[in-house]
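Participant: Below: one structure in structure tokens.
Values quoted throughout were computed directly from the atomic coordinates according to the rules given, and no laboratory measurement underlies them. As the structure is a prediction and not an experimental result, all values here were calculated from the model. Note that we place each Cβ from the backbone using ideal geometry, even for glycine, and neighbour counts take in every protein chain shown.
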Amino acid sequence: MMPDNFVFESCFAPYIQSLIAEKRQAGFQYRVAAYRLKQFDRFCIENKIASPCITKEIADQWSLLRDGEAPATQAGRVSVVRQLSLYMQASGIESYIPGNFAHKAKPVAYVLDAAEVKSLFEQIDAYQSVHPCEAFHRLALEYRILFRVIFCCGLRVSEARKLRVVDVDLKQGILKITQAKGGGDRLVYLPEELRILCADYLKILQTQYHIASEWFFPARNPERVLEVASIGQKFHCFWERTPYAGKCNIHPTVHSLRHTFVVMRINQWMEEGIRLEAMMPYLSKYLGHASVNDTFYYYHQVESAFHIIREKDTVSQHVIPEVYDYEEKE
């Protein structure tokens, strides 16, 4: 059922397999660590390491920061090899212990479960401005579409709010994300139901409200784009109206929608027995991450703090789009 039973082939294979088995017998899921140990296993094969001894030279080479790699991802890689070294030492095998990498901890994002997602969007859809100004009624419509685009496509807030009308192909259902974090442009595919919603929204914007803005989500002043603070305040307002507000240790933010997209997608693949190694590069590309490790960090960060629902849910299969191989189309 779990597509993380990797085959290890390097000289460290017996020790890696024993470490993973021991961790799981102790109750740890150890999914991301197993994936990183597979990377180390491949690293050892590629570098023709024949003796099962982690030396300082091996550890230093493995620990080098890679192009486009986040320091937190680098620290995660070093951490699993450090665990392997400690395990081998405890087994009586002399092994170099890499030092811990100090890095600024990222804030842990709250991941919504299916019921919370449903409740949140019920509040978003029910919202009507009491202000008589027509612009506020138009913004109520925009928020329904904006938050769906962020959630269903796993976009960063900045990517969604800065979408230009010319970058939204509603016939093909394609968003062109430009000037994204890291400097890379990419194509993001809309699920069909969301494509139809976006097309209806744009039609209402242009015919009912007579808006001809360059922005797909214009602010109260159509010549300006929605501000991050305004989007965050509205999200907070909608969340506070759900029955789940005040019941979690970490307060959800707009970024939680992107994080939830990633977790639901990976969980769904695992439930369906789909190999993560095959699909993660596509998901990483879809999200605009520099590497697969950055995408796995999203998931690992959640696993360290939350009990993620493992059962199939009725939300993700309807609102999260498939990740297509679009590299040849760019």
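Participant: Place a +1 charge on the Cβ of each Lys and Arg in segment 41-192 and a -1 charge on the Cβ of each Asp and Glu, then give the dipole magnitude about the Cα centre in debye, rounded to the nearest 20.
Facilitator: On the way: 20 positive and 18 negative charges, 59 e Å.
Dipole magnitude for segment 41-192 comes out near 280 debye.
Participant: What size of dipole, in debye to the nearest 20, comes out for segment 149-258 about its Cα centre when the only charges are +1 on Lys and Arg C-beta atoms and -1 on Asp and Glu C-beta atoms? Write out the running numbers ahead of the final one.
Facilitator: On the way: 16 positive and 11 negative charges, 48 e Å.
Approximately 240 debye in magnitude.
Participant: If I histogram all Cα-Cα distances within segment 111-237 using bins 5 Å wide from 0, what percent of pairs lands in each bin?
Facilitator: 2, 10, 21, 25, 22, 14, 6, 1, 0
Participant: Next up: Bin by bin, in steps of 5 Å, what percent of the Cα pairs in segment 21-180 do you find, going until the bin that has the longest distance?
Facilitator: Percent of Cα pairs in each bin: 1, 6, 11, 13, 12, 11, 9, 9, 9, 8, 6, 4, 2, 1, 0, 0.
Participant: May I pose another question? Can you tell me how much longer the chain between Gln39 and Asp167 gets when fully stretched, taken as 0.36 nm per residue apart minus their C-alpha distance, in nm with one decimal?
Facilitator: The Gln39-Asp167 span can extend by a further 42.4 nm.
Participant: In whole percent, what relative contact order does segment 1-88 give with Cα contacts below 8 Å and a gap of six or more residues?
Facilitator: The normalised contact order for segment 1-88 reaches 34 percent.
Participant: Right, next: Stick to the Cα atoms of segment 1-71, pair each with every other, and give me the Kirkwood hydrodynamic radius in Å at one decimal.
Facilitator: So the Kirkwood estimate lands at 13.3 Å.
Participant: Sticking with this structure for a sec: Rounded if a/c is under 1.5, else prolate if a/b beats b/c, else oblate: with a ≥ b ≥ c from the C-alpha gyration tensor eigenvalues square-rooted, which is segment 165-274?
Facilitator: It is oblate, given that a/c is not under 1.5 and a/b is not larger than b/c.
Participant: Filter the chymotrypsin sites (Phe, Trp or Tyr not before Pro) in segment 26-87 to those in DSSP coil with at most 13 other Cβ atoms within 10 Å of their Cβ, and list the result.
Facilitator: Details: sites: Phe28, Tyr30, Tyr35, Phe40, Phe43, Trp62, Tyr87; in loops: Phe28, Tyr30.
Those satisfying the criteria are Phe28.
Participant: Quick check: pseudo-label points 7 Å beyond the Cα along Cα→Cβ at Asn47 and Cys133, how many nm apart are they?
Facilitator: Reported label-point gap for Asn47 and Cys133 is 6.0 nm.
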